[in-house]
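Here is the structure we will look at, set down as structure tokens.
The values are calculated or read from the model by the stated rules, or taken from the named source; none is laboratory data. These numbers come from a predicted model, not from an experiment. Note that we place each Cβ from the backbone using ideal geometry, even for glycine, and neighbour counts take in every protein chain shown. The protein model used for the area step is the full one, side chains on, heavy atoms only, and it has no ligands, DNA or RNA in it. Shrake-Rupley method; radii C 1.70, N 1.55, O 1.52, S 1.80 Å.
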Amino acid sequence: MDDMQFGTRDKRGNWAPNEPLEIAPFWLGKWNKMGRWIIAYLWPHNTIFMAVTVAYWYFVLPDWDVMRTFSWGWILWIHVVNSAGVFLFFGSVELIYYVKRKQGTRFKYNHKFPSENPSDIFWFKSQNIDNFLRSFLITLPIWTLIEVFTLWCFANGFSNAIDPSEHWLWLAVLILLAPAIHEVHFYCGHWLIHQPPLYKWIHSIHHNSINPSPWSSLSMHPVEGAFFISEMMWHLLLPSAPFVAMFQLTSTAYGAIVGHIGFDKLELTEGQAMDSHAYTHYLHHKYFEVNYGGDGLIPLDKWFGTWHDGTKEADEQMKERFRKKKERLARKAGNGATPAE
């Protein structure tokens with residue numbers, strides 16, 4: 001597949017799509033685009049995450065009587081499944097597109113691969129090893145602990161759980177709204193850890209991976225990892241059900257790969273490719289102070305002036321915002337240097 005049909009390359013070989021990013025069309029009154037948007041909303045990502053949730057529900061989670069009590073047996077079982085799932089899911093994408101390089105740099109935003117850039121900021125000077133170890137030694141155990149605690153709360157009645165047989169319509173709506181809950185939760189926490197000194201202490205670890213790959217997805221400081229995974233706990237407060245909480249978790253934890261694939265399209269067969277929807281978050285890794293949230297389902301970035309759609313116009317708006325911020329900081333520093341004022 002010729003990637004130049006869909007985008008352009010700069011002098012360094014970095015690829016960018018021709019079409020600018022757009023927030024959800026219902027915010028713009030573009031009702032003619034709703035059909036295409038709904039299909040992309042459901043397929044393939046949310047369909048995959050629903051399938052993962054169903055697999056957990058029927059084949060992984062113990063009986064609720066078992067989960068009423070903390071015990072090493074079922075906790076370690078869930079942790080093994082979480083770790084194996086990430087290893088297989090993230091690892092297969094890493095193997096095919098980053099190790100074997102099935103499609104080379106076609107549709108790749110940054111033409112370089114992380115393995116080509118050893119750096120002292122990473123453990124063992126390797127982004128891949130660093131990201132892999134941080135994911136499995138830090139974020140995955142935190143994921144399991146929060147998941148286990150949430151399930152224990154449901155099992156013991158410490159929630160606002162409602163009966164699915166009586167409230168199936170509301171729960172179906174809540175499942176559809178799970179990505180919206182994610183965008184609000186993620187934007188608020190993500191914006192917060194970009195503020196000093198939290199960025200230096202916490203979020204800088206994740207942003208060491210300027211050129212992210214699948215293993216970058218869950219490479220986080222423990223505080224960031226805990227906030228990220230804690231999203232499922234909203235369903236202890238909302239009138240919800242354990243299945244919906246599990247969908248919130250799987251779409252968040254497994255869905256972390258979506259923004260870190262590094263390719264705009266993944267070629268599956270000759271002439272067929274799947275849209276990754278990775279560009280929004282890739283731009284965040286590239287520019288740091290844009291696109292704190294998601295793809296514009298709840299367009300908080302648009303409303304607060306941090307939206308970047310990948311165009312040159314957005315570049316200029318971003319630079320102007322940075323310039324004004326620098327001036328404000330300079331004025332503030334100047335005022336602080338003259339106490340008599």
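Structural remarks
- Screening Ala178, Ala161 for residues that are open to solvent by less than 40 Å² (accessible area, probe 1.4 Å) and either more than 21 Å from the chain's Cα centre (by Cα) or under 30 Å from Ala24 (Cα atoms) (or both) leaves exactly one candidate, Ala178.
- Candidate set from region 204-225 (those that are under 14 Å from the mean Cα position of the chain (by Cα) and in a helix (DSSP H, G or I)); member that is nearest to Lys286 (Cα to Cα): His207
- Those residues of region 30-52 which are over 17 Å from Met246 (Cα atoms), of a type in the set (Phe, Trp, Tyr) and open to solvent by less than 80 Å² (accessible area, probe 1.4 Å), in sequence order: Trp37, Tyr41
- Condition met for Val184 (closer than 26 Å to Asn18 by Cβ and part of a helix (DSSP H, G or I)): no
- Scope region 75-110; condition of a type in the set (Val, Ile, Thr) and within 18 Å of the chain's Cα centre (by Cα); matching residues: Val86, Val93
- Within region 272-324, the set of residues being among the acidic types (Asp, Glu), without any contact (Cβ under 8 Å) to a residue 24 or more places away in the chain and open to solvent by 50 Å² or more (accessible area, probe 1.4 Å) comprises Glu313, Glu316, Glu320.
- Members of region 1-24 found to be within 15 Å of Trp307 (Cα to Cα) and open to solvent by less than 70 Å² (accessible area, probe 1.4 Å), listed by number: Pro20, Leu21, Ile23, Ala24
- Qualifying residue in region 222-244 (condition: crowded, with 22+ Cβ neighbours inside 10 Å, of a type in the set (S, T, N, Q) and more than 27 Å from Phe113 (Cα to Cα)): yes
- Among (1) open to solvent by less than 10 Å² (accessible area, probe 1.4 Å); (2) polar (S, T, N, Q); (3) out of contact with any helix residue (DSSP H, G or I) (no Cβ under 6 Å at 6 or more places or on another chain), the one test that Thr269 misses: (1)
- The set of residues in region 124-145 that are closer than 14 Å to Glu224 by Cβ and either among the basic types (Lys, Arg) or touching a Phe, Trp or Tyr at 6+ places or on another chain (Cβ under 9 Å) (or both) comprises Asn131, Arg134, Ser135, Thr139, Ile142, Trp143.
- Where Asn110 falls short, out of the listed (1) more than 26 Å from Ile146 (Cα to Cα); (2) of a type outside the set (Gly, Ala, Ser); (3) part of a helix (DSSP H, G or I); (4) touching a residue at least 12 places away in the same chain (Cβ under 8 Å): (3)
- Scanning region 42-74 for residues that are assigned to a helix (DSSP H, G or I), within 25 Å of the chain's Cα centre (by Cα) and hydrophobic (A, V, I, L, M, F, W, C) turns up Leu42, Ile48, Phe49, Met50, Ala51, Val52, Val54, Ala55, Trp57, Val60.
- Tally of residues being exposed (fewer than 15 other Cβ atoms within 10 Å of the Cβ) and either over 13 Å from Ile261 (Cα atoms) or in contact with a Ser or Thr (Cβ under 7 Å, 6 or more places away or on another chain) (or both) across region 78-98: 3
- Any hit, region 3-12, residues being free of Cβ contacts under 8 Å to residues at least 24 places away in the same chain, in a strand (DSSP E or B) and not basic (Lys, Arg): yes
- When Asp264 is tested against (1) at pLDDT 95 or above; (2) open to solvent by 30 Å² or more (accessible area, probe 1.4 Å); (3) within 19 Å of Gly7 (Cβ to Cβ); (4) charged (D, E, K, R), only condition (2) is not met.
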